[in-house]
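Enquirer: One structure follows; several queries about it will come next.
Only the coordinates and a few stated rules stand behind these numbers; no lab work does. Just so it is clear, the model here is predicted, and its values are computed rather than measured. Here Cβ is always computed from backbone atoms with ideal geometry, including for glycine, and neighbour counts include all displayed protein chains.
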There are 2 protein chains.
Amino acid sequence: MARISAESDKHGDLLRLGASVRARRKGLGMSQEALADAAEIDRSHMGKIERGERNVTILNVIKIAEALNIKPSTLLEIAGL
Amino acid sequence: MARISAESDKHGDLLRLGASVRARRKGLGMSQEALADAAEIDRSHMGKIERGERNVTILNVIKIAEALNIKPSTLLEIAGL
């Protein structure tokens, strides 16, 4: 779960993934805090994930997807990944 | 990119993801070393990923998928994720 620079996220993949998480969350009318709690992820960390500032691990992607009631593969697909 | 215990991988998600990477790689007739080099991931780390022993980051999932000529979302879908 490393900090990530714009340079590391060469293709904007983290930005797109974070934007997809945020869009899905808002579509469900869920606050960022509620999502963080449901996924058992630290609230400040969740904000960084949504902003594409963290190279999130696959187990956290899975936990976030579960909290968003969506398959991890679908979440990635929405992000164009 | 943390070490992961069987307990952390409660649902066997890492095991399934690793098995999917291995199956796709073998389907392409690619050695584990060649995949590691193509994905720019340390060779010993790649072995651990295939065995489900590492909580791989999303950027490494993306690099592995690219090296396997498959979309990251499809790789996850094959793993049942």
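Enquirer: Run through the other copies and list how far each one's label point is from that of residue A:12, in nm with one decimal, shortest first; the point sits 7 Å from Cα along Cα-Cβ.
Expert: Going from nearest to farthest copy, the values are 3.9 nm.
Enquirer: Check each of the GluC sites (Glu not before Pro) in the range B:20-81 and keep only those in coil by DSSP with at most 13 other C-beta atoms within 10 angstrom; list them in order.
Expert: B:40
Enquirer: In whole percent, what relative contact order does chain B give with Cα contacts below 8 Å and a gap of six or more residues?
Expert: That works out to 41 percent.
Enquirer: What Rg and what Dmax come out for the protein assembly as shown when only alpha-carbon atoms are used, in angstroms?
Expert: Calculated on Cα positions, Rg and Dmax stand at 15.0, 46 Å.
Enquirer: Right, another one. Would you kindly work out the equivalent ellipsoid of chain B from its C-alpha gyration tensor and give its semi-axes, the square roots of five times the eigenvalues, largest first in whole Å?
Expert: 18, 14, 11
Enquirer: If we hang a label 7 Å off Cα along the beta carbon direction at residue B:33, how far is it from the matching labels on the other copies, in nm, shortest first?
Expert: 5.5
Enquirer: If each label sits 7 angstrom from Cα along the C-beta direction, how far apart, in nm, is residue A:44 from its counterparts in the other copies?
Expert: Label-point separations across copies, in nm and ascending: 3.4.
Enquirer: Pairs on different chains or at least eight residues apart, Cα atoms closer than 24 Å: how many lysine pairs in the protein assembly as shown fit?
Expert: Pairs that pass both the separation and distance tests number 24.
Enquirer: Starting at the first residue of the range B:56-65, write each ³J(HN,Hα) from the Karplus equation 6.51 cos²θ - 1.76 cosθ + 1.60 with θ = phi - 60°, in whole Hz, x for Gly and Pro.
Expert: 5, 7, 5, 5, 6, 4, 5, 5, 5, 4
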